[in-house]
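Novice: My questions will all concern the structure given below.
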Amino acid sequence: MSWGKLLQPDLVLGGTVLDITPELLVEHNLKGLVFDVDETLVPIGQMEASEELRQRIVELRQVATLWLVSNNVSETRIGNIAKSLELPYIFFAAKPFRRKLWRAVSAMDLPVAQVAMVGDRLFTDVLAGNRMGMFTVLVEPMVDPGESVRQSPVRSIEVWLSQVLGASLTANR
């Protein structure tokens, strides 16, 4: 498989994870979601989920099995976020390696094609999900509302390189 295809999300949301709805999951026949944590669900440094995110998770849980899989090495931080959302989690996942991601998908007991990897990064979240045959969703990063909107230099390079390699990152929701 070409790099362009490996880095091509199935869905470029064009918004944050808060824009994922139960209707969207039904439309794409998704029964499970694996969420990245840092900047996908919460801004860097935040220790628990916002009330708005907690409400969205309650809605999504009605139609799908949910897991958190993070590359973050802090079990305390990821565990606190998972506890605030009442979700199972894996920390220090080392995405784009697939071993720990497989553990979450296997626990869902669903066909891998009915599970989406949801994240804000192409070279970790999207690449890992595509390598496994998952449906992949690229979301805009969650940033602290008190901060001015910033563009991560790493994300900018990932987007540029992915496009050079043939991925199209235009919102297609």
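Novice: Any residue at all in region 1-11 that's of a type in the set (Asp, Glu) and open to solvent by less than 60 Å² (accessible area, probe 1.4 Å)?
Specialist: no
Novice: Against the conditions (1) in contact (Cβ under 8 Å) with a residue 24 or more places away in the chain; (2) out of contact with any Gly (no Cβ under 9 Å at 6 or more places or on another chain); (3) of a type in the set (D, E, K, R), where does residue 5 fall short? Just the number, please.
Specialist: The one condition residue 5 does not meet is (2).
Novice: Then there's this: For region 23-47, how many residues meet the condition of being surrounded by fewer than 15 Cβ atoms within 10 Å (Cβ to Cβ) and of a type outside the set (A, V, I, L, M)?
Specialist: Looking only at that region, the number is 5.
Novice: Being of a type in the set (Lys, Arg) and modelled with pLDDT under 95 is the requirement here; does residue 155 meet it?
Specialist: It is true that residue 155 is of a type in the set (Lys, Arg) and modelled with pLDDT under 95.
Novice: Which condition breaks for residue 86 when tested against (1) of a type outside the set (Phe, Trp, Tyr); (2) crowded, with 17+ Cβ neighbours inside 10 Å; (3) within 23 Å of residue 19 (Cβ to Cβ); (4) modelled with pLDDT of 95 or more?
Specialist: (2)
Novice: Going by the structure shown, is residue 34 out of contact with any strand residue (DSSP E or B) (no Cβ under 9 Å at 6 or more places or on another chain) and among the aliphatic types (A, V, I, L, M)?
Specialist: No.
Novice: Continuing with the same structure: Among 63, 149, 112, which is hydrophobic (A, V, I, L, M, F, W, C), modelled with pLDDT under 95 and on the phi < 0 side of the Ramachandran plot?
Specialist: Result: 149 is the single residue among 63, 149, 112 that is hydrophobic (A, V, I, L, M, F, W, C), modelled with pLDDT under 95 and on the phi < 0 side of the Ramachandran plot.
Novice: Is it the case that region 48-56 has a residue that's open to solvent by less than 30 Å² (accessible area, probe 1.4 Å), more than 12 Å from the chain's Cα centre (by Cα) and within 20 Å of residue 88 (Cα to Cα)? Spell out the reasoning first.
Specialist: Our first condition is that a residue be open to solvent by less than 30 Å² (accessible area, probe 1.4 Å); within region 48-56, this holds for 49, 53.
Narrowing further to those that are more than 12 Å from the chain's Cα centre (by Cα): 49, 53.
Still in the running and within 20 Å of residue 88 (Cα to Cα): 49, 53.
Looking for residues that are open to solvent by less than 30 Å² (accessible area, probe 1.4 Å), more than 12 Å from the chain's Cα centre (by Cα) and within 20 Å of residue 88 (Cα to Cα), one finds at least one in region 48-56, hence yes.
Novice: Are there helices (runs of 4 or more DSSP H) fully within region 1-120 with at least 2 residues that are closer than 17 Å to residue 139 by Cα and touching a Leu at 6+ places or on another chain (Cβ under 8 Å)? List them. It would help to see each step written out before you state the result.
Specialist: Working: elements: 3-6, 22-27, 51-61, 75-85, 99-108.
By residue number, 22-27, 51-61.
Yes/no matrix, rows are residues, columns are (1) at pLDDT 95 or above; (2) surrounded by fewer than 17 Cβ atoms within 10 Å (Cβ to Cβ); (3) farther than 22 Å from residue 52 by Cα; (4) not small (Gly, Ala, Ser):
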site: 101; (1), (2), (3), (4): yes, no, yes, yes
site: 117; (1), (2), (3), (4): yes, no, no, yes
site: 127; (1), (2), (3), (4): yes, no, yes, yes
site: 137; (1), (2), (3), (4): yes, no, no, yes
site: 161; (1), (2), (3), (4): no, yes, yes, yes
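The values are calculated or read from the model by the stated rules, or taken from the named source; none is laboratory data. Everything numeric in this text was worked out from a predicted model, so none of it was measured. Using ideal geometry, Cβ is built from the backbone for each residue, glycine included, and neighbour counts are taken over all protein chains shown. Accessible surface areas use protein heavy atoms only, side chains included; no ligands, DNA or RNA. Shrake-Rupley method; radii C 1.70, N 1.55, O 1.52, S 1.80 Å.
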